[in-house]
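Data first, discussion second: the structure below is written as structure tokens.
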Amino acid sequence: MTLQVPALIVGAGISGLVCAHALRRAGVDALVIEVSDRAGGAIHSERRDGYLLELGPQSFSGTAPLLALCSELGIVGEIVQAPPHAPRYVLVDGKLKQVPLSPPAFLTSDLVSAAAKWAIARDLFGRSRAPEQDESVGAFVRRKFSAELLDRLVGPFVSGVYAGDPERLSLRSSFPMLHDAEKRKGSVIRGMMAKSDEGARQRPTLLSFRDGAEALPRALATRLGDKLRLNTRVTRIESNGASGAFHLTIQTPNQEESILADNLVLATPTDVAGRLLRGMNRSLESLLGEIEYAPVAVVSLGYRRSEVAHPLTGFGFLVPRSAGFRVLGTVWNSSLFPGRVPDGQVLLTSFAGGATDPQATTMQPDELTALVHREIAPLLAIREAPSFSNVTIYPRALPQYNLGHADRLAAIEDQRTKCPNLWLAGNYLRGPSIGACVEQSLNVADQILSRRKP
């Protein structure tokens, strides 16, 4: 017996779950299958020994579509907000210096030199033309501002968002607003100011849920009910001829089954999507394989509050590569959201690896724990070893929007349209954040709905 469905979504990360939810809300009987034993993908919250750990994203921005989704799911009341003015820090000359979050604060800050500040003023009153060819983030910042600003602010920020290498990341793909600002106004600052005046989009707040970020995919999974199948692997995909439908062979813990899907959404990492499409479109498999991923180790350490002299007031800190540390940055979880730690404890989550130091993720968990403690202890005046630790390693954590990414996506889209009922969703397409994945998946659902017969 072959099961027939209007839409089949492969992958129950946030992208697949949101797409399925939107389709079912519109009356389309969508089914989701997931190879692992849980939904949510990299969004993974876990309680252990009184700690609430975020094994993937530590928080998310409250974009309008994401908040609307939370309202639909009835979980708005579970949202917790980080202190809106929580300071961020960056490691400079062995000390944590506060990142200025306003123009006046930037002018009085000693984070960068007078020369770097003058370069920013020069952009405000000058005019430049964005090059026609794709430009790396590193080349852009040096051209428009200074190598110092790249090292002390932009580079660490790139590590925090993409775990990427600014010398390889494409500006127009990874930070399109900056590229567009210069293209429209000849000045990044004037362009961003004009954009703010035009759209007046409220600055998203930093959010989580009382029980961690996984509350969102958990609510979506609950809403899907038996339309979400876990521990189910796709073993074969074939085009069903002129109908444009797809015939899939799936393997469950108990048996092999067949599914005929009018629409197929692959909400998986690129290597998985490429492998599944191998028998249908070798070019698409090859193009998807060109997108690189950075590996990341997530190291959560718990300490007795009395043994940490630093006040830990703020979001955390980022580390420039020039500092010689292997830690990319550290989030002060217990300072951001309530209910993260047992009484009298603090929780600090650090990241290592990324595109600039992939070897760090090959270390053993105890080695990573020791490394992170050794590097952050002097900065935060920590006087004893951690009383709690957890290490999670992601060999393919974040897609890299490297030079040529826009052209790759255009070529992928060109190949995808040759199978008009095939759709792609995921964090390699329109941004790696949870909010970006939500918006991209809603867009895929809208496209599917727009093509359905009245």
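The values are calculated or read from the model by the stated rules, or taken from the named source; none is laboratory data. As the structure is a prediction and not an experimental result, all values here were calculated from the model. Ideal geometry is used to build each Cβ from the backbone, glycine not excepted, and the neighbour counts take in all protein chains shown. Just the protein is used for accessible areas: all its heavy atoms, side chains included, with ligands, DNA and RNA removed. Shrake-Rupley method; radii C 1.70, N 1.55, O 1.52, S 1.80 Å.
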Inter-label distance for residue 107 and residue 161, nm, one decimal - labels placed 7 Å from Cα along Cα-to-Cβ: 2.6 nm
Residue-normalised accessible area of the chain, given per residue in Å² at a 1.4 Å probe: 45 Å²
For the pair residue 93 and residue 418, the simple spin-label estimate (label points 7 Å beyond Cα toward Cβ) gives in nm 5.8 nm
Take the solvent-accessible surface of the protein heavy atoms, probe 1.4 Å, and return the percent of it on the range 373-454 that carbon and sulfur atoms account for. 52 percent
Relative contact order, percent, of the chain when contacts are C-alpha pairs under 8 Å separated by at least 6 residues? 24 percent
Which FRET efficiency value, to the nearest 0.05, do you get for residue 121 and residue 367 by plugging their Cβ-Cβ distance into 1/(1 + (r/R0)^6) with R0 = 51 Å? 0.65
Using a simple charge model, +1 on the beta-carbon of Lys and Arg, -1 on the beta-carbon of Asp and Glu, nothing else, what dipole does the chain show about its Cα centre, in debye to the nearest 20? 960 debye
Quick check: with the 1.4 Å probe, what order do 222, 356 take by accessible area, largest first? 222, 356
Of all lysine pairs in the chain that are eight or more residues apart or on different chains, those with Cα atoms under 25 Å apart total 14
Only Lys, Arg, Asp and Glu count, each charged at its Cβ (+1, +1, -1, -1), so figure out the dipole size of the range 108-152 about its Cα centre, rounded to 20 debye. 200 debye
Where does the chain land at 222 nm, in deg cm²/dmol rounded to the nearest 500, when only DSSP H runs of n ≥ 4 count, each adding -39500 (n - 2.57), divided by all residues? -10000 deg cm²/dmol
Quick one: net charge around residue 30, please, counting Lys, Arg +1 and Asp, Glu -1 for every other residue with C-beta under 13 Å from its C-beta. +3
Shape verdict for the range 76-132, please, from the Cα gyration tensor: rounded (a/c under 1.5), prolate (a/b greater than b/c) or oblate. oblate
Taking every DSSP bridge whose two residues both lie in the chain, the antiparallel percent to the nearest 5 is 75 percent
Express in whole angstrom the spacing between the alpha-carbon centres of the range 202-258 and the range 418-454. 14 Å
Place a label point 7 angstrom from the Cα of residue 205 along the Cα-to-Cβ direction, then list the residues of the range 16-59 whose backbone nitrogen is under 17 Å away. 59
If I compute Cα Rg over 2.2 N^0.38 Å from the structure I just sent, which labelled value in (i) 0.95; (ii) 1.13; (iii) 1.02 lines up? (iii)
